[in-house]
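The block underneath contains the structure these notes are about, expressed in structure tokens.
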Amino acid sequence: MLVSIYRYNPEKDDAPYMQDFEIELPAGKDLMVLDVLNLLKAQDPSISYRRSCREGVCGSDGMNMSGKNGLACITPVSAAAKNNKLVLRPLPGLPVVRDLVVDMGQFYKQYEKIKPFLINETPAPAIERLQSPEEREKLDGLYECILCACCSTACPSFWWNPDKFVGPSGLLQAYRFLADSRDTATQDRLSELDDPFSVFRCHGIMNCVNVCPKGLNPTKAIGHIRTMLVQRAT
Amino acid sequence: MVTQITSFGRSGLYDWMMQRISALVLSAYSIFLIGYLLLNPDLTYEQWSGLFESTSMRIFSLLTLLSIGIHSWIGLWSISTDYIKSTGVRFFFQSVCGLVMFIYVVWGIQVLWGL
């Protein structure tokens, strides 16, 4: 199989380039893309990429595989390769540190902006803040986000305005705290989002939903935030 | 919170709402005009000018004209903030768009009301 990898080492290269590798894959097995990268790294130790848990939990190995963002560790080669060719590039829209490693700074800045923690001004109870099963259910499909950045880097609105648009991942988390019955800062959170960029730069093209490796739906969460803003203002 | 002074209503929610309301007005006007033309295949000049002379049609047309201005301002503002990264060029583009929309609205009123 032919594997084409985006290579860029700012200390050596003037510009990024694609390097082709020919690799013999073991028969009768459908390897994951990360396994292929590990095999290639044994051949050429200079290939750089992030990986950690190798089972789709840590979110380290988000990358663009034959045009679609995803986690290399849980994407089978059979699903990612086209015409027996696998093209691996870093997540689009973020500055490249080296090869498939991107600088996630801008992504984390947006995450920080939405205050991803519970805010509750009422005195803490003796044991814990309880939730009914129904209240807890509202967080399903929101809390599972692993911050791999596959969605935000698949979003054109995030590409053009990564400093102003919170992006699908950040907004999914914003709604996770807006929907939490234990959080009392709903109004402040909504006020922070009511500008022409933070939420409203989303045009609902659903690239985020298409690529999310955890099967989450940021567009739906953004819709809920919009509804909350409309309800508050009308 | 991202501060913006060149967007239509400064609030993201307001712009979003206005864009949707103006879109509804534009669709209603388009459907009405297409429907009117389809239902009147032998349309005469008198009938057509009579339609636009009625007060209700003038109100509907003016509402549509203002909707075009609002809708295109919000849309083009959005496009300019996506693709034009130089502040000077972006502001120039937004100013030209604003001026063109203003001209269309004033000119449209002149045409519609036969001033």
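Evaluate E = 1/(1 + (r/R0)^6) for B:TRP48 and B:VAL106, where r is the Cβ-Cβ distance and R0 equals 22 Å; express this FRET efficiency to the nearest 0.05.
The formula returns an efficiency of 0.40 here.
When a footprinting reagent is the concern and you count Cβ atoms within 10 Å, what order do B:THR64, A:THR184 take, fewest first?
Lowest to highest Cβ neighbour count: A:THR184, B:THR64.
If you average the C-alpha positions of segment A:188-213 and of segment B:19-68 separately, how far apart do those two centres end up, in angstrom?
Value for the Cα centre distance between the two parts: 35 Å.
So for A:CYS73, A:CYS155, B:CYS97, fewest C-beta neighbours within 10 Å to most, what's the order?
In increasing order of surrounding Cβ atoms, one gets B:CYS97, A:CYS73, A:CYS155.
From a point 7 Å beyond the Cα of B:LEU62 in the direction of its Cβ, which residues of segment B:80-109 have a backbone N at a distance under 12 Å?
Taking a point 7 Å out along Cα→Cβ of B:LEU62, the residues of segment B:80-109 whose backbone N falls under 12 Å are B:109.
Below 18 Å, Cα to Cα, which aspartates and glutamates can A:LYS138 reach? Residues fewer than 8 away in the same chain don't count.
Once the sequence-local aspartates and glutamates are set aside, what remains near A:LYS138 is A:ASP180, A:ASP183.
Over chain A, with a Gaussian network built from C-alpha contacts below 10 Å, which listed residue (A:GLU22, A:GLU11, A:GLU55) shows the highest mean-square fluctuation?
A:GLU11
About the Cα centre of chain B, what is the dipole size in debye to 20, counting +1 per Lys and Arg Cβ and -1 per Asp and Glu Cβ, all else neutral?
480 debye
Given charges of +1 on the Cβ of Lys and Arg and -1 on the Cβ of Asp and Glu, with all other atoms neutral, how large is the dipole of segment A:105-233 about its Cα centre, in debye to the nearest 20?
Dipole size: approximately 300 debye.
Among A:ASP20, B:ASP15, what is the fewest-to-most ranking by other Cβ atoms within 10 Å?
The fewest-first ordering by Cβ neighbours comes to A:ASP20, B:ASP15.
Identify unpaired cysteines across the protein assembly as shown, taking unpaired to mean no other cysteine Cβ lies under 4.7 Å from the residue's Cβ.
A:CYS73, A:CYS145, A:CYS148, A:CYS150, A:CYS155, A:CYS202, A:CYS212, B:CYS97
Which trypsin sites (Lys or Arg not before Pro) does segment A:1-81 hold that lie in a coil by DSSP with at most 10 other beta carbons within 10 Å?
Of the trypsin sites (Lys or Arg not before Pro), the ones in loops of segment A:1-81 whose Cβ has at most 10 other Cβ atoms within 10 Å are A:LYS12, A:LYS29.
About the Cα centre, and with charges only on the beta carbon of Lys, Arg (+1) and Asp, Glu (-1), how big is the dipole of the protein assembly as shown? Nearest 20 debye, please.
In total the dipole reaches around 180 debye.
Do the sum for chain A: with -39,500 (n - 2.57) for every DSSP H run of n ≥ 4, divided by all residues, what is the mean residue ellipticity at 222 nm, to the nearest 500 deg cm²/dmol?
Rounded to the nearest 500, the figure is -9000 deg cm²/dmol.
Please report, for the Cα atoms of chain B, the Rg to one decimal and the Dmax as a whole number; what are they, in angstrom?
17.3, 56
Using the beta-carbon distance between B:ILE79 and A:THR234 and R0 = 41 Å, what value does 1/(1 + (r/R0)^6) give for FRET efficiency, to the nearest 0.05?
Plugging the Cβ-Cβ distance into 1/(1 + (r/R0)^6) gives 0.90.
Which one, A:GLY62, B:GLY35, B:SER95, projects farthest toward the positive side of the charge dipole computed for the protein assembly as shown from Cβ point charges (K/R +1, D/E -1)?
B:SER95
Considering only A:MET1, A:ALA15, A:VAL209, whose Cα is most displaced toward the positive end of the charge dipole of the protein assembly as shown, charges sitting on Cβ of Lys, Arg (+1) and Asp, Glu (-1)?
Selected residue: A:ALA15.
What's the FRET efficiency of A:LEU139 with B:LEU99 using the Cβ-Cβ distance as r and R₀ = 41 Å, to the nearest 0.05?
0.25
Every number in this text was worked out from the coordinates using simple rules, so none of it is lab data. Predicted model only: the values in this text are computed from it and were never measured. Glycine also receives a Cβ, built like all others from the backbone with ideal geometry; neighbour counts cover every protein chain displayed.
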